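These notes concern the structure reproduced below.
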Amino acid sequence: MTQSFDVLRFRSTLSQYPTGVVIVTAIDAEGEPVGMVVGSFTSVSLDPPLVGFFAAKSSQTFTRLRTARSFCINVLAHDQEWLCRRFASRAEGKFDDIAWKPGPLGNPQFDGVLAWAECETYDVSDAGDHSFVMGTTVEMEFGQSALPLLFFQGGYGRFSSHSMVPRSHPDVLNIVRLAERARPALDALASAVDGDASIVGVLSGDLVVVGSSGGASTVTTGSRFPFVAPIGAILVPMDDDAAISEWLMPYQVGNDDDRRLSLEKLRAAHERGYSIALRQDGSDEELMASWNEYSSENRTPWQERDFRMTLATISDLYDPDVLGDGMYFVRSIIVPIAFPFHGSPLGLRLGGLRQGVSLETITAWVDELQLSAQQISHEFSSEREVDGTPR
């Protein structure tokens with residue numbers, strides 16, 4: 001390769017092509033299970049039934065994997081990103097606490113995959129800084145019926161044939177009805193605090209604004225941002241380990257200090273009864289620009305990653321463990337709304353507030369928020385009792 005060739009541009013260009021994600025597993029020469037994440041799996045031939053994948057020659061995992069005479073292709077589902085990240089990391093004990101069973105050739109098959117195929121190694125050939133591995137398919141089977149995990153622009157996601165707005169979510173209709181019913185309360189709250197009031201709900205992994213009020217609102221109905229640490233800690237149910245784990249998604253592999261700090265923020269928010277996000281100064285331009293890109297129905301993994309990186313730089317401003325004397329610049333405050341059926345967490349949010357306020361003012365805002373949240377929940381419960389809407 002000549003020195004003038006732009007390697008970064010080459011990689012960025014190829015990242016525009018989405019690929020599926022598989023984990024290739026085997027039992028190495030020492031009798032130990034081994035697995036590596038592959039985004040280059042492909043069918044090669046129907047007769048004979050050959051499949052193939054590319055592996056970096058520098059990979060220590062591949063050095064172990066190629067000592068095996070056979071391997072298994074595990075096609076990952078969209079909800080197995082955590083499994084992908086574990087096997088893409090350098091962590092030890094990757095198979096610890098992972099549900100798998102040996103296939104017909106003895107190679108690990110993971111529970112919950114879309115499909116698996118066990119193959120005998122057919123050929124390993126040179127392909128630049130990679131090796132091209134071909135295998136003869138011996139046995140295969142479908143797994144669960146779900147969407148696949150995809151890799152695109154350096155990020156993971158899932159296939160979607162429709163708008164990113166979660167219209168099919170089972171709670172959407174009830175939440176929209178609640179937002180409509182709460183309009184007078186939102187207007188009154190926004191007027192009382194001279195700010196913006198909105199209802200936010202957790203839908204399909206995002207925190208979505210389903211109703212808003214306030215003339216200068218920067219958060220409008222339909223705005224969305226990732227429901228991950230440090231955002232919206234008060235809406236994470238403390239008795240749901242799975243929900244907490246999903247909220248901590250950015251720190252599932254490594255970043256133990258960040259994970260610990262996020263758990264502390266989670267506890268602090270629930271002890272107070274509200275989540276608060278502060279500002280360092282009067283400028284939110286960078287965050288708002290990134291936020292608007294994330295809210296787009298056509299956002300890309302790059303834009304999502306950019307927003308999360310922006311959040312990481314200000315994570316210490318979310319739910320600090322101690323609020324004392326001093327002047328505060330408040331970005332937002334969220335309290336939970338008790339929804340009269342078991343469903344998606346809902347919150348009442350304030351934003352667009354005046355800056356440089358005392359803890360006393362913040363406490364007064366929280367009191368207004370909590371009172372409004374109680375009124376909204378009560379009114380919706382009363383409506384359901386009147387019209388007989390089933391729980």
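The values are calculated or read from the model by the stated rules, or taken from the named source; none is laboratory data. All of these numbers come straight from a predicted model, not from anything done at the bench. Heads up, the Cβs are rebuilt from the backbone with ideal geometry, glycines too, and the neighbour counts pull from every protein chain shown.
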Quiz item: Can you find a residue in segment 80-95 that is touching a Leu at 6+ places or on another chain (Cβ under 9 Å), at negative phi, of a type outside the set (A, V, I, L, M, F, W, C) and in the same structural domain as Asp123 (by TED's automatic domain parsing)?
Solution: yes
Quiz item: Would it be correct to say that Leu317 is closer than 18 Å to Gln355 by Cβ and at pLDDT 75 or above?
Solution: yes
Quiz item: In this structure, is Ser4 in contact with a His (Cβ under 9 Å, 6 or more places away or on another chain) and at negative phi?
Solution: no
Self-check item: Boolean, Gly154 is under 23 Å from Pro49 (Cβ atoms) and either touching a Phe, Trp or Tyr at 6+ places or on another chain (Cβ under 9 Å) or among the charged types (D, E, K, R) (or both)
Solution: no
Exercise. Determine whether segment 30-45 contains at least one residue that is assigned by TED's automatic domain parsing to the domain that holds Ala115 and touching a Pro at 6+ places or on another chain (Cβ under 6 Å).
Key: yes
Quiz prompt | Those strands (runs of 3 or more DSSP E) lying entirely in segment 1-79 with at least 3 residues free of Cβ contacts under 8 Å to residues at least 40 places away in the same chain and closer than 22 Å to Gly155 by Cβ | solution = none
Quiz prompt | Criterion: in the same structural domain as Phe71 (by TED's automatic domain parsing) and either part of a loop (DSSP other than H, G, I, E, B) or modelled with pLDDT of 90 or more (or both) - qualifying residue of Ala192, Ala117, Ala188 | solution = Ala117
Self-check item: Near pairs, Cβ below 7 angstrom, 6+ apart or cross-chain, from segment 101-117 (more than 15 Å from Gly143 (Cα to Cα)) to any residue that is acidic (Asp, Glu) and buried (at least 17 other Cβ atoms within 10 Å of the Cβ)
Solution: Pro104/Glu118; Leu105/Glu118; Asn107/Glu118
Quiz prompt | Some residue of segment 101-108 being assigned to a strand (DSSP E or B) and either touching a Pro at 6+ places or on another chain (Cβ under 7 Å) or closer than 25 Å to Ser204 by Cα (or both) | solution = yes
